[in-house]
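The values are calculated or read from the model by the stated rules, or taken from the named source; none is laboratory data. All of these numbers come straight from a predicted model, not from anything done at the bench. Note that we place each Cβ from the backbone using ideal geometry, even for glycine, and neighbour counts take in every protein chain shown.
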Amino acid sequence: MRVLHLIDSLRPEAGGPSYAVQKMAESVALRGHEVHVLAMRRRGETIEANDPDGVRLSTYAAQYAGPAPISYSWWRESLREAERADLVHAHALYLPQSLAAYLRRSSTPYVVSPHGAFDKYHYEQRAVKKRMYEALIENRVIDGASGVHFMSEHERDDALRVRHFRNWSIIPPGVETATDEVSADKPRKNLVLFLGRLATKKQPWLVVDALAWTKQAGLVAQAIIAGPEEDIRHSLLQKRINDRGLKDDVKLIGLVRGEAKQQLLRRASVFVLPSLDESFGIAVVEAMAYGAVPIVTPEVGAASILSGTQSGVVTEGSAEALGKALLNLLERPGMLSDMRRNGVAAARQLTWAKAGSDLEAWYSGIVSRDIIQPEGER
């Protein structure tokens, strides 16, 4: 089976989709299929891809590098490669009009991963422009898709509030687990970790405010906020840290990857993600895999995993609620160890091999026009 993946960017700063598409492609390629990923790159940008095994990876320069980049060479190659593919997997909504029109008219079936585009927060951003584009183009693209891929029940539920889909499937992403044993009983310092883009939707300032709340309650803890700037500058976050009297308690660092990221997760007692919108939240399950107990808001797709496995805390996105959750966990080492143990076990069930198997079954059913839902699906 020949599978073509289309995505606008593979920049690590672009967030979870840039990572997920490479791992999804690799997980299917390792099952013996021919997989090609086509992406755009902005001027002067060097893509540091994860070198996915067995995957052909091509990037093309964008002539316009705004929020929705445009690359004519990417567009031309997408059309050419779609002709020879058995299935096209588009990782976005709001594709260029001509490409969207081609996919609708092509005999090659295509599926779409919205990556949270239907989640409440995202769906309400630039709402007028989006509704106009949907009425003119996007609704027909979705209607013509052979399937829509969601990463969590949360993402699916938000999408179904917006519109009907004739075929959809929930296939969670995998997670890179620790190669060695993670001890649930080994004591860790009271280190709180935020790991993600400094974006308004992720509300990193709440980590600062929550730590200020716990400090007033008498709990001594440190925090590291790690991630690249998006629409929140380090300088503004640092000012908030200083204003809250936390200059010595909260450290701001930039994007971390690889071994440095793993070391942070091994050191942290608690991982906090107070996001307004996450279609899944791969970082949450990565934290679980390395023994950091997550505290998340209900809008995070992985929240249902935490609740179902008793491996973390789901609470409202306010400084007081997060502060109370931190206080409750860090002052109860026994409960923290139990959640850490549950989290490590739960993360090991979310493998990329399982995701690849489910994607293969879904793709194959679509290509053969005999839709197959992964095990456990509706």
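Some values worked out for this structure:
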read-out: Given (1) out of contact with any Pro (no Cβ under 8 Å at 6 or more places or on another chain); (2) under 21 Å from HIS122 (Cα atoms), index of the condition PHE280 fails; value: (1)
read-out: Qualifying position, being on the phi > 0 side of the Ramachandran plot, free of Cβ contacts under 8 Å to residues at least 24 places away in the same chain, surrounded by fewer than 24 Cβ atoms within 10 Å (Cβ to Cβ) and not charged (D, E, K, R), among GLY258, GLY245; value: GLY258
read-out: Whichever residue in the range 103-145 is touching a Leu at 6+ places or on another chain (Cβ under 8 Å) and hydroxyl-bearing (Ser, Thr, Tyr) and, among such residues, is surrounded by the most Cβ atoms within 10 Å (Cβ to Cβ); value: TYR110
read-out: Helices (runs of 4 or more DSSP H) wholly inside the range 120-218 containing at least 1 residues that are aliphatic (A, V, I, L, M) and touching a residue at least 40 places away in the same chain (Cβ under 8 Å); value: 139-144, 153-162, 205-216
read-out: The listed residue being in contact with a His (Cβ under 8 Å, 6 or more places away or on another chain) and among the β-branched types (Val, Ile, Thr), out of VAL284, VAL293, VAL300, VAL314; value: VAL300
read-out: Test: residue in the range 288-300 that is part of a helix (DSSP H, G or I), touching a Ser or Thr at 6+ places or on another chain (Cβ under 9 Å) and over 26 Å from GLN125 (Cβ atoms); value: yes
read-out: Residues located in the range 326-353, provided they are outside any helix (DSSP H, G or I) and of a type in the set (Lys, Arg); value: ARG332, ARG348
read-out: Residue satisfying all of: in the range 37-80; among the acidic types (Asp, Glu) and modelled with pLDDT under 75; farthest from ALA25 (Cα to Cα) among these; value: GLU45
read-out: Residues located in the range 8-31, provided they are modelled with pLDDT under 90 and either touching a Gly at 6+ places or on another chain (Cβ under 6 Å) or aliphatic (A, V, I, L, M) (or both); value: LEU10, ALA14
read-out: Residue tally, condition over 12 Å from the mean Cα position of the chain (by Cα), outside any strand (DSSP E or B) and surrounded by 22 or more Cβ atoms within 10 Å (Cβ to Cβ), over the range 5-21; value: 1
read-out: When residues of the range 324-345 are limited to those that are more than 16 Å from LEU191 (Cα to Cα) and in contact (Cβ under 8 Å) with a residue 60 or more places away in the chain, the one surrounded by the fewest Cβ atoms within 10 Å (Cβ to Cβ); value: ASP338
read-out: Number of the exception - ILE253 against (1) of a type in the set (Val, Ile, Thr); (2) surrounded by fewer than 22 Cβ atoms within 10 Å (Cβ to Cβ); (3) farther than 19 Å from LYS189 by Cβ; value: (3)
